[in-house]
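Laboratory data are not the source of any read-out in this text; all were calculated from the coordinates shown. A quick note: this is a predicted structure, and the numbers were derived from the prediction, not measured.
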Amino acid sequence: LSSVPLELRGWEWRYLANRAGAESRVLSLPALPLTVACRGGVVLVGDLSGHVYAIHGVSGAPELVAQRGVPARDLALSPDGTQFVVAETSESTMLIQSTKTGEVVRILAADLGPPTSVAWSDDGRWLAYATFHGRAAVLDLQTGSEVQRVGPAISEMPDPADVRFRDGMVRFFPACDGFIVAERLDHRAT
């Protein structure tokens, strides 16, 4: 491509030049991904069957590190990429697991109910989770205690015909000085 004279470089040349360097590697995954997380040189892929695969570095192969019976709705990785949490709606607990072995390192209570979304702060100190109707809490990972809660009280929550479309979503701001919670099917965020 570099030997083609400038006056002959049309859209075809630009297309081929972009394609030549567009992909560093293509992986075949064992299942269709539902959620992906990347951090600390690790890529996690969660699927509809509840499997979580870890890929370590650009040359790693997908390795099964977790297997649940329900879809992996969201994933959060520790800042160094050594641990992860899966949001799945069958339990009101969150398992912190090793990205190398899948071994459970710690179990945290999700007092607001089964998580639909999880986030790990950039400084590694906080873990946030959201549940249905945009309810969310932040946990201090040193103590395991809840430090903040947002969203409606149980008595204020509407009772939709199909609650699974009312997933809460949570993410930390990059400087760890706040977080945002949103709910599918709502035009507001907290």
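How far, in degrees from 0 to 90, does helix 11-20 lean away from the longest principal axis of the Cα atoms of the chain, to the nearest 10? For helix 11-20, the angle is close to 60 degrees.
Sequence-ordered 3J(HN,Hα) estimates for region 108-117 from the Karplus curve with 6.51, -1.76 and 1.60 and θ = phi - 60° stand at 10, 7, 10, 5, 7, x, x, x, 10, 8 Hz, glycine and proline given as x. Taking amide H positions as modeled 1.01 Å from N, with prolines and chain starts lacking one, the residues under 5 Å from VAL105 and 5 or more places away or on another chain are ILE96, GLN97, SER98. The candidate values are (i) 71, 39, 34; (ii) 114, 39, 33; (iii) 46, 36, 35; the one derived from this structure for Cα extents along the principal axes in Å carries the label (i).
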